[in-house]
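K.L.:
Quick one: this structure, given as structure tokens, is what I'll be asking you about.
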Amino acid sequence: MNPITFIYTNSLDMTADLLISRIGTEEIFRFNVDLWREYKIKIDHAGLTIENSAGRLITGNGIVKFYWRKPFMSQYLYPQRTIPSELVYMEEELSYAMRDMVNLAWSEGKIVLVEPLADSRVGKFVQLKVGAKYFKIPPYKFVSGSPNFLEPGKSSIVKSLTSKRVNKDSVLYTTRVQEDQLDPSTPWMIQDYLPASWDVTVVFVRDRMYGFELNRDGFLDKTVDWRETGGPEAADAWRRHQLPKPLEDSIVRFMSDLGLHYGRLDLLFTGEDYYFLEVNPNGEWAWLDFYGEIGLLGTMIEEISPRTTRFSIPIPRWIR
């Protein structure tokens, strides 16, 4: 059996689509957790056996790399739908089984690049505390329960810690607000507003970095969050950004401190100074080099392909 990379994701994943189109379907086995009923799955003392709807069957022994992408179940992937409670139960059972298969793959050193559920270990406050050693950081606070925590007349931004939907039809983008107009009974992640001219995002892939910039002048009068402008035009507006050597060195030390092989770091650039905002340990990257002209796509293929050297992410003590 040829070596296989197992991609654990859902059916709406452009990154997985792009990688599979370049690496080839014969070297990738894609498991879309929201389509779990299309697979035949068996887990026993001998390990994992799984067959997809096309009749392709693999075993755990054939998997040499495991890439954690976006395994969102139907109840999270399609919040507008009413999911029957019985189906929710079945999906939770399936998710539990697959999650422990991930742990087994982790114990065997097969997980590459992305640490499963890294957000639970290195969340926003851990990132900001560690990041303060290496970067400038806009002052921040998380508040709930008292109006005394909100400064009258101060212009700040609020953002979501979880990126969950507020309701079925809306999400909280990063938004500029007057602090004293916020509801003090609601939990808020608040950060000082910084009038920066550029968004900068850096894709860190083990020992390589790819920087990109987006000029904010075209949308700051409407929003501080480029994602809210919508449409492919917003994504296409990103350009390469040359990272200063001191910033590169800081990013390497920061990611080493967090123990991450991969992450997409978000910063603001004033023209003189960089300010660290956060790192997404499983951040999207495909739109930044969709045609492979920059080198990022080629680097990701090199890391994910089952035919290249495997650089396993650290195995935590509780799994080892």
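The values are calculated or read from the model by the stated rules, or taken from the named source; none is laboratory data. On a predicted model such as this, the values are computed, not experimentally measured, just so you know. Note: ideal-geometry Cβ built from the backbone for every residue, glycine included; neighbour counts use all protein chains shown. Heavy atoms of the whole protein, side chains included, go into the accessibility calculation; ligands, DNA and RNA do not. Shrake-Rupley method; radii C 1.70, N 1.55, O 1.52, S 1.80 Å.
K.L.:
Since Arg239 meets every condition but one in (1) touching an Asp or Glu at 6+ places or on another chain (Cβ under 9 Å); (2) within 16 Å of Val122 (Cβ to Cβ); (3) open to solvent by 40 Å² or more (accessible area, probe 1.4 Å), which condition does it not meet?
P.N.:
In the conditions (1) touching an Asp or Glu at 6+ places or on another chain (Cβ under 9 Å); (2) within 16 Å of Val122 (Cβ to Cβ); (3) open to solvent by 40 Å² or more (accessible area, probe 1.4 Å), Arg239 misses (2) alone.
K.L.:
Say we look at the range 68-95 and pick out the residues that are open to solvent by 30 Å² or more (accessible area, probe 1.4 Å) and polar (S, T, N, Q); which of these is nearest to Thr309 (Cα to Cα)?
P.N.:
Gln75
K.L.:
Let me ask something else. Pick from the range 54-67 the residues that are free of Cβ contacts under 8 Å to residues at least 40 places away in the same chain and under 17 Å from Ile20 (Cα atoms): which of them is surrounded by the fewest Cβ atoms within 10 Å (Cβ to Cβ)?
P.N.:
Ala54
K.L.:
Just checking, how many residues over the range 269-295 are of a type in the set (A, V, I, L, M) and open to solvent by 50 Å² or more (accessible area, probe 1.4 Å)?
P.N.:
We begin by selecting, within the range 269-295, every residue of a type in the set (A, V, I, L, M); these are 277, 279, 286, 288, 294.
Narrowing the set further to residues that are open to solvent by 50 Å² or more (accessible area, probe 1.4 Å) leaves 294.
Of the residues in that region, 1 qualify.
K.L.:
Would you mind finding the one in Val88, Val158 that is without any contact (Cβ under 8 Å) to a residue 40 or more places away in the chain and farther than 30 Å from Arg253 by Cα?
P.N.:
On the way: Val158 fails: farther than 30 Å from Arg253 by Cα.
It is Val88.
K.L.:
Hey, among Lys129, Lys136, which residue is open to solvent by 90 Å² or more (accessible area, probe 1.4 Å), within 24 Å of Phe269 (Cβ to Cβ) and under 21 Å from the mean Cα position of the chain (by Cα)? Spell out the reasoning first.
P.N.:
Numbers: Lys136 fails: under 21 Å from the mean Cα position of the chain (by Cα).
That would be Lys129, the only listed residue that is open to solvent by 90 Å² or more (accessible area, probe 1.4 Å), within 24 Å of Phe269 (Cβ to Cβ) and under 21 Å from the mean Cα position of the chain (by Cα).
K.L.:
Failed condition for Leu117, given (1) surrounded by fewer than 13 Cβ atoms within 10 Å (Cβ to Cβ); (2) at negative phi, with all others met?
P.N.:
(2)
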